[in-house]
Every structure is written in C-alpha cells, then in structure tokens.
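Notes follow the structure.
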Amino acid sequence: MPLLDNLPVIDDRRYSDLVAEARTRIPRYAPEWTDLNDNEPGMAVVQLLAWLAEMLIYRLGQVPLLNTIKFLELLGIELTPAQPASAEVSFAVLPTWPEPTVIVPLHTQVAADVPGADTPLVFETERALIALAARLDGVQLDSGFQHTDVSTVNADARDGFAPFGSTARIGAALMLGFDSTLDFPATQLDLMIWTRPPAKGSVLFVASGAATPPPAVFAWEYWNGKEWIALDSLKDETAAFTRSGHVLLQTPAPDDVDGPLQRAVLGNFTAPRYWIRARLVSGAYQIAPMLLAARINTVAVLNAQTVDAEVLGRATGLDDQVFTLANRPVLAGTLDLAIDEGRGEEAWTEVPDFFASGPDDRHYVLDRSTGEVRFGRGARLRVPIANPNQPANVIARSYRFGGGTAGNVAAGRIADLREPVAGIDADGVVNLLAADGGADEETLDAAQTRAQQTLKSHERAVTAGDFELHALEAGGVARAKALPLYHPQFEGIAVPGVVSVIVVPQAATADPLDDPAPVPTEATLRNVCAVLDPRRLATTELYAIAPRYREVAVSAKLTVKADSDLASVKQQALALLQRYLHPLVGGEDASATENGSGWPFGGDIYYASIVQRLLLPGVRRVSDVLFTIDSEPMPPCSDVTIEPLALVKSGAHRITVQYEA
C-alpha cells in the first residue's frame, strides 16, 4: 500500500464551517454590522477569506505526517503487503478408480467456507501431486519383541504416538500398511509426517550455521513377499522424524530384481496389506520422537489464486505510465508481464526501484498492495511504446493474488474442491491441521516502529532487540522475545553463543479473546528461523521456541449496589479478566474495552491490580480474592510470581456477585 494513502488531516474544518464560525463572531467584534446576507459586500470578503483559509488548512494538515512518510521513503521503507496463509491438504481417491494413481494438477483450487464471509476463501496447490489409489489404513509399531497397532491413533491425529517406542531402541520400526486391490505402482511415494510438539513448549525447529545432521538414521524398506528390501529415499524433510515434513520414497518397478511390493499379513493385522517400514538403524534421540499422524496424497496449499492472460491496456510511449491489475494483493515474484511493441511479446522485469535501471532495461515497478504497474521516464529509462497492430499490448501473462489473516482457517475447513478432478473424491478433501502464516497489510504505525529499529539493526541480528525486530517480519508473528544465552534443552545454564526466540503468533480469529493461549505452528517457527538465519552471526546458534503458559484462574466475590444488574456486572468482570490476562491484548495498558500491548513475559500478577480492576461501576466491595495457578491454589491476599520466560492465560474464573445488605 502506498504511504501517501496515509496522509493525515489535522484540521478538518471546511469552507462552510469557516463561514459559519465567522458569522457567529461578527456580532461580538463588529456589532454595528447587522446585514449578514450573502449579497452583502462584507460577506463576500468573508467567503473569500474562508475559501483561502480552507486551502491553507488543507496544505498545513499534510505537513507533519508528510515529513514522516518522506523519511520512510528515503529509508526504503514500504508497508509490507498482506501475506497468504498455507496449509497441508489431503486428497482421497475414489474407491472405484481403476488406476493405481491419480494426478492432481498444479494450482488445483480448494476452498474453505468461513462463517460470516461473503465468498469462500480459495487455496491452490503449490505443486502437482501423484495421489495413490491405495489407502494408508494400517500403522504398527514393531519394537522387535511385539507389534502394537496404532492405526486408530494415527487416524484420529489427536494424541500422537512414538514411532520407535518410548525408548527408541535400535532395530525398532514403524510399519505402514496400504490397502488396495490393484498392484502397487512404481512411483514416488510422498508421505506427509506431522510431529507432535513437545508438551512443554520446547524447541520445535532449530537453525544453526551448518546443516544439522539428524540425530538418528533409519532405513526405509518394503516387503516383497519374502523379506524386507531397501527403498530409495529421495528426500526427508523431517530430519529423522524430528520435525514435520514430507518424506519422498521411490517404490520399485514390477521388473525390479528384488520384486515389487507384495500383499502380506504381518504383525497384528489379519488382512493382507502392502507394507513399508522405517527401521531405526543407528544414532540416538535425546527425546524419543512423537508423531501426530502420517498421511499420503497430501500437498501444500496457499491462500492465493492464479490469473492468466490479463490485458492491462495499451502502452503510449509517454512518461510515468501506470497500469492496474484487476486483483490484489499480488504475491511477490509471481507477475509475468509482457509487452508487444511490434516485435512480439517481450518479457519485462520487476525491480524494486529505477535507481539502477538504464535506457535499455525493460524494467517496471510493482506495488503489490494496489496492483499498480508503473514505468519510468523516457529521458533515462526505457518506456513501453504503442503497437499500431495491437489495441492492447500490455499483458499480464500470469500472476497470483491473495493473503490476509482470514486465510488462517481452522482444521477441517478446507474441504471444498472447486473443480472436479477425475479420480478424486470431492468429499475426501480436508486439511488435518489449521492453516497459518496469513497476515494483513502492515499499518503505518508498525512501519514507523520498524523503521526506527531498522536504523539500529541495519538488517543484522546482533542484540536481543535485533532478533525480536526481525522475528516480527515473519508472517503471522505478533510478539517475539529474544533470550541470549538460553538453551531450551539446558534450562538454568547460560550457554555461550545461543539465542532462543520465543514466538507468539497472531490470533487465529478476528477476535483475539477467542484464543487465550496462541501457540505457533511448526511452519511459523520455520519462517522465523528462515528470516533470522541470514541475519545472525555465523557463531550464533539459533532456536525458535513456543511460549510457555501459566493458567491463571481468579476467584472473587463482588458486592454491588442495590440498583445494579448482577448478571451484567458478572459478565463485565469475566470479560475484563479475560482481556487483562491475555498474552496479545492484555497487560497494564488494557482496559475493560480497549486492548493493550499484551501481558509481559514473566509479568507478575499483583493482588492490588486485580482488586482495582474488579471495582467496576456499581461495585462497592471486592472480597475473597484468590488466585489459582495451573490448578494450584495460591496463598490468600498475595502476589503471584511468574517465571521470567512464561506468559499467562485465562482459566475458568469464578466470580460471585451479590447485593449489599
């Protein structure tokens, strides 16, 4: 969004206001002036001066923020456009499909119905998907001594399971069974693995100077009817099941020397299945990995839509030509612009500005928020010229648009296949986990704050403030707290060269109070590490971690006046406590109706502050105030100390309201 759209209006008086004000002052300063009709010569002078004053007020009203905007432009600061949300969506194949695979094309659209929205939110697949007709319905844990069936746990995706057991012994294996009446195809098998976050809000993703080797090594194998045969592992984004990601395997062809996959009855299963397993070969985990679920036929989707062959208009050869795309905001790097000046379509290149452009460079500048495509001046820059044979020769061959916090939909919402795909069950499309990463366009106030921090950090992350500033640049991050010398796996020990960043995500709903304890997803933490990694020192070990919450429940008795409404007072008290103790909109600067800057990290809860806030209109006395922290009662009339790295969240408050005697 252009900064010029935020110019302020300091004095909003207009011509009619100034004339009316002058009329009211004439009897006081010139009582002998009694004829105030519009045809009187003196009133003509008043109207002329009012018109001049209106122009002057308008001009002066632009000065303060105009200077700020110009300073931001000098620093190269622009408002960050809206960011699209992303999710992983699974596609089910029709049981009657006669082929072993189905191709889901690139940019296949699925939609999510959001309550209160006029139109559904559209998501597009980020790559083509080869979906298997076989169903992954069997999951077993082979400890070497016994088999444990966790198929139901994997299907529910609520509690999670340890793929190699609680001790992760060498030789333990995770077995995946596929049900199909067709031969198993020779293809690239794409497994989506979701790891379960640790219950304590510990490390979910780590970025360091060099590529961190996985803590363990396991072999992927398949059952050929006689023995287990090694599978080719093409890619493992999970780093040995330590984080969520895709695992890409190459299944054997029918004429392979070891044979293809064969159906067999293994473990606790009584029905034959095609079996693939991951067997732990070497290494050791500090903490045994926990998986939330394993799925096939799953692909990443983005809250964006693709537009092809949009005609923008006709070039004129004049300076400062501007064309506007029909849809916005535009995703970075997606606009493919071409202009036909009589020699066929020629691609033009997007640049951030024209400072390094020359007269032979086919360059343009794109405002992603407004969709404006701007060209330079012909004196020193190349400008597009008209083509007499083409009435419209400026063409956007393709681009993608979308974004905003509305795309952060809940799990199970992305379930509407916009266009049918042969072989895909339209009722079997679903996102297992919620979408995340969507963010609205940056506000002007946020841009001013970012500019101040940018002058201090210079795109480097050295101090704690630098890490916090750049962490906020990742999509979907509301707050960040940098902890120097803090290693999440060695609490209480100052570890040199380590910086941990606590990440608090933006609210998943329009009202932040609907989520009292926002927790970042693994994708959000990865984005934070991706932003911080190129800016940190080479010797800095970086960790992104989720916040640790302490649940606070307040119990109190309110005595109110006889004319007060008991239900209304109780409702106001509960709403006030929920807002005051919220990690995003709470804190000492929060009021009953206005949001604050968020509860501070390690912010203690003071008895007097709670009592003061419960003295609502109509309340005469506040008594019997007790705090409960994580279901543990605190001593009466005492403050509560919160550890320095923790935040608070509202629990089940108990407010009793009674009339005074």
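The values are calculated or read from the model by the stated rules, or taken from the named source; none is laboratory data. Because the structure is a prediction, the values reported are computed rather than measured. Cβ: placed from backbone, ideal geometry, glycine included. Neighbour counts: every protein chain shown.
Quick notes
- Taking segment 269-297 as the range and being within 26 Å of V93 (Cα to Cα), part of a loop (DSSP other than H, G, I, E, B) and more than 30 Å from the chain's Cα centre (by Cα) as the test, the residues that pass are F269, T270, A271, P272.
- Residues of segment 550-567 that are closer than 19 Å to L645 by Cβ and surrounded by fewer than 21 Cβ atoms within 10 Å (Cβ to Cβ): R550, E551.
- No other residue among L577, L584, L558 is among the aliphatic types (A, V, I, L, M), assigned to a helix (DSSP H, G or I) and outside the structural domain of A507 (by TED's automatic domain parsing) apart from L577.
- If you go through segment 473-494 and keep only what is without any contact (Cβ under 8 Å) to a residue 12 or more places away in the chain and of a type outside the set (D, E), you end up with F490, G492, I493, A494.
- Filtering segment 225-255 to residues that are part of a loop (DSSP other than H, G, I, E, B), without any contact (Cβ under 8 Å) to a residue 24 or more places away in the chain and within 19 Å of Q188 (Cβ to Cβ) leaves E237, D255.
Let's see how each residue does on (1) touching a Leu at 6+ places or on another chain (Cβ under 9 Å); (2) basic (K, R):
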site: P41; (1), (2): no, no
site: I57; (1), (2): yes, no
site: K70; (1), (2): yes, yes
site: L79; (1), (2): yes, no
site: P84; (1), (2): yes, no
site: E99; (1), (2): yes, no
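- Summed over segment 645-661, residues that are assigned to a loop (DSSP other than H, G, I, E, B) and more than 28 Å from D563 (Cα to Cα) total 2.
- Residue within segment 595-604 that is among the hydroxyl-bearing types (S, T, Y) and either in contact with a Cys (Cβ under 9 Å, 6 or more places away or on another chain) or farther than 24 Å from E491 by Cβ (or both) present: yes
- Pair list, Cβ under 8 Å, 6 or more apart: segment 409-436 residue buried (at least 17 other Cβ atoms within 10 Å of the Cβ), other residue modelled with pLDDT of 90 or more and among the basic types (K, R): N431/R413; L432/R295; A435/R413
- The residues on offer are P496, P518, and the sole one that is in contact with a strand residue (DSSP E or B) (Cβ under 9 Å, 6 or more places away or on another chain) and closer than 30 Å to G116 by Cβ is P518.
- Reported count of residues in segment 253-292, each being farther than 16 Å from A219 by Cβ and either touching a Leu at 6+ places or on another chain (Cβ under 6 Å) or among the basic types (K, R) (or both), is 3.
- Boolean, A315 is out of contact with any helix residue (DSSP H, G or I) (no Cβ under 7 Å at 6 or more places or on another chain), farther than 24 Å from V110 by Cβ and in contact (Cβ under 8 Å) with a residue 24 or more places away in the chain: yes
- The residues in segment 522-533 that are under 13 Å from N408 (Cα atoms) and modelled with pLDDT of 80 or more can be counted, and the count is 1.
- None of T306, T349 is in contact with a His (Cβ under 8 Å, 6 or more places away or on another chain), over 30 Å from T148 (Cβ atoms), in contact (Cβ under 8 Å) with a residue 60 or more places away in the chain and in a strand (DSSP E or B) except T306.
- Count - residues of segment 624-644 that are assigned to a loop (DSSP other than H, G, I, E, B), of a type in the set (D, E, K, R) and more than 12 Å from I605 (Cβ to Cβ): 2
- Of all the residues in segment 44-98, those that are closer than 30 Å to S180 by Cα, of a type in the set (V, I, T) and in contact (Cβ under 8 Å) with a residue 12 or more places away in the chain number 2.
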